[in-house]
Amino acid sequence: FGHGGCAPEGWGDYYWDQKLWRIDPVIEKARKWPNPHTWEDTLAGSNSASRRFMDEASDCGLKHGATVPIYGMGGWRFNVTVSSSLPEVDERQALNKIAAIAHTYSIVDPELPSHMGSSESARLTVREAEVVQWAAAGKTRSEIAEIMTLSEHTIGTHMRHALEKYGAANVTSLVAMAIIAGDVYIPH
């Protein structure tokens, strides 16, 4: 997680001194939901602690914001967030702009967050990536085995290794994480 940019005077120090990153609902949402989102989205269906946190940020001058989670080889890596102290902001318009900037930056410099605890262990082998690619295309294990002229057992081994490397709970999660990481493409 990184912090930067402009914020009301004293907020950054307060945020880090109080270790608010541990309870920040924007960060928590980004870890669980890979899509860009506004702070309004973050508060939808949130608990009272999250609302209190966001009210406190608002009281300090952070009225609106938008966040783009950046995912890499090992899953969630960091957020790009912009905020505003203006009373009225089109959060959706801001979100579209930072999404383009954030994703361009992560593609140009994919190693950016390596100092933040990301792991190279999620790198898939060529065979693992091929198996995940076929799964992304909707193929079953037996269909993949037939296409790749390998045994179902071997396909299962490659799939299991990919699941472990990503820490995915199931093939659907694995495919989503691999697409986000750029290890496989979305089939047409």
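The values are calculated or read from the model by the stated rules, or taken from the named source; none is laboratory data. Just so it is clear, the structure is predicted and the values come from calculations on it, not from any experiment. FYI the Cβ positions are ideal-geometry reconstructions off the backbone, even for glycines, and counts take in every protein chain you see.
Things to note:
- Criterion: of a type outside the set (Asp, Glu), within 22 Å of Gly167 (Cβ to Cβ) and either modelled with pLDDT of 85 or more or touching a Phe, Trp or Tyr at 6+ places or on another chain (Cβ under 7 Å) (or both) - qualifying residue of Arg31, Arg52: Arg31
- Residue ranges of helices (runs of 4 or more DSSP H) in the stretch 123-188 with at least 1 members of a type in the set (A, V, I, L, M, F, W, C) and out of contact with any helix residue (DSSP H, G or I) (no Cβ under 8 Å at 6 or more places or on another chain): 126-136, 171-181
- The residues on offer are Gly138, Gly117, Gly156, and the sole one that is at pLDDT 85 or above and surrounded by fewer than 13 Cβ atoms within 10 Å (Cβ to Cβ) is Gly138.
- Residues in the stretch 29-67 that are within 21 Å of Phe78 (Cβ to Cβ), touching a residue at least 12 places away in the same chain (Cβ under 8 Å) and in a helix (DSSP H, G or I): Lys29, Ala30, Arg31, Trp39, Asp41, Thr42, Ser50, Phe53, Met54, Ala57.
- Cβ-Cβ contacts under 8 Å between residues 6 or more apart (or on different chains), taken from a first residue in the stretch 1-23 that is more than 15 Å from Thr81 (Cα to Cα) to a second residue that is at pLDDT below 80 and surrounded by 10 or more Cβ atoms within 10 Å (Cβ to Cβ), are listed as Trp16/His3.
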